[in-house]
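For reference, the structure discussed in these notes is given below.
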Amino acid sequence: MNWRKWLDEFILAGKGILLATKEKRFWQGFTPSFLFFGFLMNLLAGGFSKFELMSALGFPHNLKILFDSFLSIFGLNQPFLDWIPIFAISILQGLLIGLIVFLWNKKRESTIKSSKNSENLEKAGLITGLIALGAGCPTCGTTLLTPLLGAIFSTGGLAVTGTISTIITWLAIIIAIFALKRLGLEAYAIIVNEKYLQKKEQREKNS
């Protein structure tokens, strides 16, 4: 395996992500998805126990549980080791969706420009969709499997459940990182190509 090539690709992907963060459309995808997945994961961190508690309590208490789950996104009243993987997945999931929104809008804008650019960006949009489907939803996979594991194992097997849940969480982080690498490379190629075409068009006008 060519580690130098992998390192260069990760560096370029990082540059692509940084360039994408300068675009408003990226944040339109990142912010709501980061908050939503962070809230969802914290709400389901203990399986369905919070829902059972909410069904037994009144309306004001339910609001407090939901509000506390939201604040947990930022580590409030959370053990650090429990908070950091959930926060990391929320960030990564937000980056994934932010990049998908960004690339999708670039594809739509390309229909107004030349057909060649449109074709290239359409391919990039198709690749983006396949990456998202191939990588799956790391957050959803973790939050759905955790309560299922809790139901499968008895009370005496909580340690096993916690271990499996932790493994799944870190696997989700690894999957998200590799998906980000592909999306970041696509973003970098599109942004650099777009800047090149703008400079070329400007030179042609000046000449």
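The values are calculated or read from the model by the stated rules, or taken from the named source; none is laboratory data. What you see is a predicted model, and the numbers here were worked out from it, not measured in a lab. Note that we place each Cβ from the backbone using ideal geometry, even for glycine, and neighbour counts take in every protein chain shown. We work out accessible area using only protein heavy atoms, side chains counted, and drop any ligands, DNA or RNA first. Shrake-Rupley method; radii C 1.70, N 1.55, O 1.52, S 1.80 Å.
With every protein chain kept in the model, how would you rank 31, 21 by accessible area, 1.4 Å probe, largest at the top?
Details: 31 60, 21 40 Å².
Greatest to least solvent exposure: 31, 21.
Arranged from highest to lowest average of other beta-carbon atoms within 10 Å per residue, in what order do the peptides 9-16, 22-29, 53-60, 93-100 appear?
Descending packing order for the listed peptides: 93-100, 9-16, 22-29, 53-60.
Of 5/205; 22/181; 15/50; 64/106; 107/181, which ones are farther than 29 Å apart at the Cα?
5/205; 15/50; 64/106
Which value in Å does the Kirkwood hydrodynamic radius of the range 10-111 take, with 1/r averaged over all unlike C-alpha pairs and then inverted?
One decimal place: 15.3 Å for the Kirkwood radius.
At 7 Å along the Cα-to-beta-carbon direction for both residue 3 and residue 36, put a label point, then send me their distance in nm to one decimal.
4.0 nm
With the full set of protein chains in place, find how many percent of the accessible area of the range 12-68 is carbon and sulfur; take the probe as 1.4 Å.
Whole-percent figure for carbon plus sulfur exposure: 72.
Per residue, how much accessible area does the range 1-75 show when a 1.4 Å probe rolls over the protein heavy atoms, in square angstrom? Display every interim value, and only then the final one.
Values: 4840 Å² over 75 residues.
On a per-residue basis, 65 Å².
FRET efficiency for residue 91 and residue 63, Cβ-Cβ distance as r, R0 = 35 Å, nearest 0.05? Intermediate values should be presented prior to the final figure.
Details: r = 26 Å, r/R0 = 0.75.
According to the calculation, E is roughly 0.85.
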